[in-house]
Structure formats: structure tokens, C-alpha cells
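Taken together, the values in this text are just the output of simple stated rules run on the coordinates, not laboratory data. Quantities reported herein were computed from a predicted structural model and do not represent experimental measurements. Neighbour counts run over all protein chains shown; Cβ positions are idealised from the backbone, glycine included.
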Amino acid sequence: MLDEKEKVNKIDGDVYADFDKKEQNKGKKIALKSAREITYVAIMSGMLVLGKLALSFIPNVEVVTTLVMVFACCFGYRVLGATVVFCILDMFLYSFSIDVAISYFIYWNALAFIGATMQKFGIKSTYAYLILAIAGTASFGFITTGVYCIMYGAPFFPMYVSGLVFYAIQLVGNIVFMLVGFAPLCKVVKKTEWKI
């Protein structure tokens with residue numbers, strides 16, 4: 001038979017055992033959530049890299065802007081992890097250039113952040129994201145040219161003008177991809193919810 005002290009210790013032990021089980025379950029849920037978040041970022045990053053590679057044979061035509069908009073609209077700020085990984089992988093897949101790396105880290109992360117902020121405020125309109133994609137694509141030329149000129153001391157205006165044809169191609173391509181692909185891709189991603 002248990003005396004009073006042993007009864008109290010047994011009750012305390014049961015309470016601690018229940019507490020430990022709850023903490024273990026909480027830890028498992030956090031680990032599962034973390035693994036899920038890493039998986040989301042990995043899938044998004046892979047799609048960004050493959051999207052760029054798939055169209056790399058056409059100068060300045062890219063689907064990455066549309067994918068970033070889709071991921072920002074569907075996943076919010078999670079897209080930032082994907083854009084960071086994309087920028088890092090891009091440096092390894094293509095010839096490394098510090099001015100391009102800096103430009104990419106500024107541009108893709110800013111675009112993703114603004115898109116995710118729009119999603120946070122409940123903006124779901126295709127046209128709102130289209131306007132962001134157009135403004136982002138238009139700013140891309142300024143960002144890349146500006147970083148290049150600052151780093152290498154080149155004059156801005158002649159450098160920017162020399163790339164206008166490429167910027168125009170990129171802008172038209174992004175408008176087409178956004179109009180054709182944004183809404184259907186958002187529906188597919190939201191419908192499947194990427195159950196991982």
C-alpha cells in the first residue's frame with residue numbers, strides 16, 4: 001500500500017508523463033510542419049529553376065515572373081524562401097556574375113515580397129498581379145542596368161538603351177504568360193493544395 005508521499009509522487013509523475021506526451025506531440029507537429037514548409041519551398045524552387053531552364057533558349061522570355069506571382073498569391077510569404085533558393089541555384093547553373101546575383105536577389109525577392117503582401121491583404125485579382133508583373137518586369141531593366149553601372153562605372157543611359165529590345169521582349173512575354181497562365185495555375189495549386 002502506498003503512503004501519502006508515494007501517492008503524491010505518483011500523481012505528480014502521471015501529470016509529468018501527460019505533460020511530456022503533450023510536449024512530444026507538439027514537437028512532432030512542429031517537426032512535421034517544418035518538413036512540410038521545406039517541401040513547399042523545395043517544390044516552388046524546383047519549378048522556378050525548371051521554368052527558367054525550359055525557356056532559356058529564347059532570350060529574355062521567362063515564366064519565372066508568372067510562377068512567382070502564382071506562388072505569392074497561393075502561399076504568401078513562403079514564396080520568399082523559394083526565390084532565395086532560386087537566386088542561389090541560378091548562380092551555380094549559369095556563369096556566376098556578382099552584378100547579376102545582386103540584381104536577382106533584389107528583383108526576385110522584392111517581387112515575391114510585394115506579391116505576398118498583396119495576398120496578405122486579400123488581393124486575388126488576376127489584373128492586380130498582372131499590373132505587379134508589368135511594373136516588376138519594367139523595373140527589372142532599371143535594376144540590372146543600375147547595379148551593373150554602379151559596379152563597373154559604366155554610363156547608365158547607353159547601357160539601358162542597348163537592352164531595350166530585350167526588356168520589351170521580356171515584358172511582352174510576361175504579359176502573355178500572366179494573362180494565359182496565372183488564373184489556371186492558381187486554380188490548380190489551390191485545388192490540389194499540394195497536400196504533402
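A few comments on the model shown:
- Area projected by the alpha carbon convex hull of the range 26-96, averaged over all directions, nm²: 5.3 nm²
- Here the Karplus curve 6.51 cos²θ - 1.76 cosθ + 1.60, taken at θ = phi - 60°, turns the phi angles of the range 36-47 into couplings of 5, 5, 4, 5, 4, 4, 5, 5, 4, 4, x, 5 Hz, with x standing for Gly and Pro.
- Projecting label points 7 angstrom from Cα along Cα→Cβ for S162 and T117 puts them 3.4 nm apart.
- Taking the fewest neighbouring Cβ atoms within 10 Å as the starting point, the ordered list for S139, S95 is S95, S139.
- P(r) tail for the range 52-141: Cα pairs beyond 20 Å make up 33% of the total.
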